[in-house]
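The values are calculated or read from the model by the stated rules, or taken from the named source; none is laboratory data. The model shown is predicted, which means the values in this text are computed figures rather than measured ones. With ideal geometry, Cβ positions are generated from the backbone for all residues, glycine too; neighbour counts draw on all protein chains shown. What goes into the accessible areas is simple: the full protein's heavy atoms, side chains included, and nothing from ligands, DNA or RNA. Shrake-Rupley method; radii C 1.70, N 1.55, O 1.52, S 1.80 Å.
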Amino acid sequence: MAATVQLRVKRQDGPGQPPYWETFAVPFRPGMNVISALLDIQRRPVNAGGEPVRAVAWESNCLEEVCGACSMRINGKARQACTALVDRLAQPIVLEPMGTFPVEKDLIVDRQRMFDGLLETEAWIPIDGTYALGAGPSISPRNQQEAYAYSTCMTCGVCMDACPNVSPASPYLGPYAMGQAHYFNLHPTGAMHKEARMDAVIGPGGVSGCGNSQNCVRSCPKGIPLTTAIARLNGAATKHALRRWLHG
C-alpha cells in the first residue's frame, strides 16, 4: 500500500450550486476507512496541490453500519463510508454524493423523500402508550424470523441510489418503503392498519413502480430481501385492489 491515500471528491458548495472536483492526499494507516480519510482532511483541509480549501462536508454517526448516515458513492457504488476500508479500494478513491437525492453540501444529501415515503406507507404501529396495554398479540416464530431482517433497515438510501426506477421524475417510493410496508403488515398489531398501508402500495408510488432489476438486494448493506417483500406485496396488492373494486 502507498504511503498516502489519494481521494478525488465531488464537491458542491450548497444546494443548486455547480459541482466541481477536488483531489486530496492523506497519510495511509493500516485499517483506516473512508471516514478516517475524511477526518484527516477535516483536520488539515489542504488539497493535493498544497492549497488551503474548505473542509469536505459529510455525515456520520455510529461508525458501525447501523445509523445509515454516512452513505455516499465510493468508486461509483453507493455504500457506507464507515465500512469502506481504504486498503480494499482502488485509488484514487472517488467520493460522490448519492445521485438520487438533492445535494445539500459536498457529500451530504437531503433524504427527506425517504421519510415522506414512510409516512405515505404508514410504516409504524399506532398505539397509545400512556397506560399499560398488557401483552400484545403473539407472532409466529416464522414471521418473527422474517420480520427481523426488515427491521434492520436504517433508511440509508443505498437501495434508492441503486434502483433505476427511482428518480426525481418518478413517483415510485422505492424498495425500502415496500420493505417497511411488508414488515409492518407481518406484525399482528401492524396488520390492524394493513388496509390503509395497502392503499399506498397499490397507488402511483407503490409496488407497480418496481422494475425487478434486483439492484436493491445486491446493494443493501444489511442484505435485506427487498425483492422478496416486493413479490409478497405484489400478491397482496392484487387481492387488495380486487376487494376495493368489488366493495368500493
Difference of contour (0.36 nm per residue) and Cα-Cα distance, Arg8 to Ser140 = 42.6 nm
Between Leu39 and Trp21, the two model label points (7 Å from Cα along the beta-carbon direction) sit apart by a distance in nm of 2.8
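What's the ranking of 98-109, 183-194 by average number of surrounding C-beta atoms within 10 Å, highest first? Each step should come with its number before you reach the end.
Details: 98-109: 19.5, 183-194: 17.7.
Taking the mean over residues of other Cβ atoms within 10 Å, the ranking is 98-109, 183-194.
According to the Kirkwood expression over distinct Cα-Cα pairs, how big is the hydrodynamic radius of the stretch 123-248, in Å?
On the way: mean 1/r = 0.0649 Å⁻¹.
Here the Kirkwood hydrodynamic radius works out to 15.4 Å.
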Compactness of the stretch 8-119 - radius of gyration and Dmax, Cα, Å | 13.9, 47
Can you give the FRET efficiency for Arg244 and Asp110, using 1/(1 + (r/R0)^6), R0 = 51 Å, r = Cβ-Cβ distance, to the nearest 0.05?
-> 0.90
State, to one decimal in nm², a quarter of the convex hull surface area for the C-alpha atoms of the stretch 62-103, i.e. the direction-averaged projected area.
-> 3.2
What list of ³J(HN,Hα) values in whole Hz, one per residue of the stretch 179-184 in order, does the Karplus curve 6.51 cos²θ - 1.76 cosθ + 1.60 (θ = phi - 60°) give from phi, with Gly and Pro shown as x?
-> x, 6, 4, 5, 4, 6
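Would you mind working out the magnitude of the charge dipole of the chain relative to its Cα centre, with +1 at each Lys and Arg C-beta and -1 at each Asp and Glu C-beta, to the nearest 20 Debye?
Here the size comes out at about 540 debye.
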Calculate, axis by axis, the spread of Cα positions in the chain along the three principal axes, and write the results as whole Å, longest axis first.
-> 70, 39, 34
Just the Cα atoms of the stretch 4-52, one point each, no solvent: what log10 I(q)/I(0) does Debye give at q = 0.17, 0.26, 0.29 Å⁻¹?
-> -0.53, -1.02, -1.15
Give the ranking of Phe24, Phe115 by solvent-accessible surface, highest area first, calculated with a 1.4 Å probe.
-> Phe115, Phe24
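As an exercise, find the ratio Rg/Rh for the stretch 57-181 from alpha-carbon atoms, using the Kirkwood inverse-distance average for Rh. Walk me through the numbers on the way to the answer.
Values: Rg = 17.4 Å, Rh = 16.6 Å.
Answer for the stretch 57-181: 1.05.
Would you mind putting 10-19, 160-169 in packing order, based on average other-beta-carbon counts within 10 Å, highest first?
160-169, 10-19
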Can you tell me the accessible area per residue over the chain, all protein chains present, probe 1.4 angstrom, in square angstrom?
-> 51
The helix 34-43 Cα axis meets the longest alpha-carbon principal axis of the chain at an angle in degrees, between 0 and 90 and rounded to 10, of 50
Evaluate the stretch 106-178: find the radius of gyration of its Cα atoms, find its Kirkwood radius, and give the ratio Rg to Rh.
-> 1.07
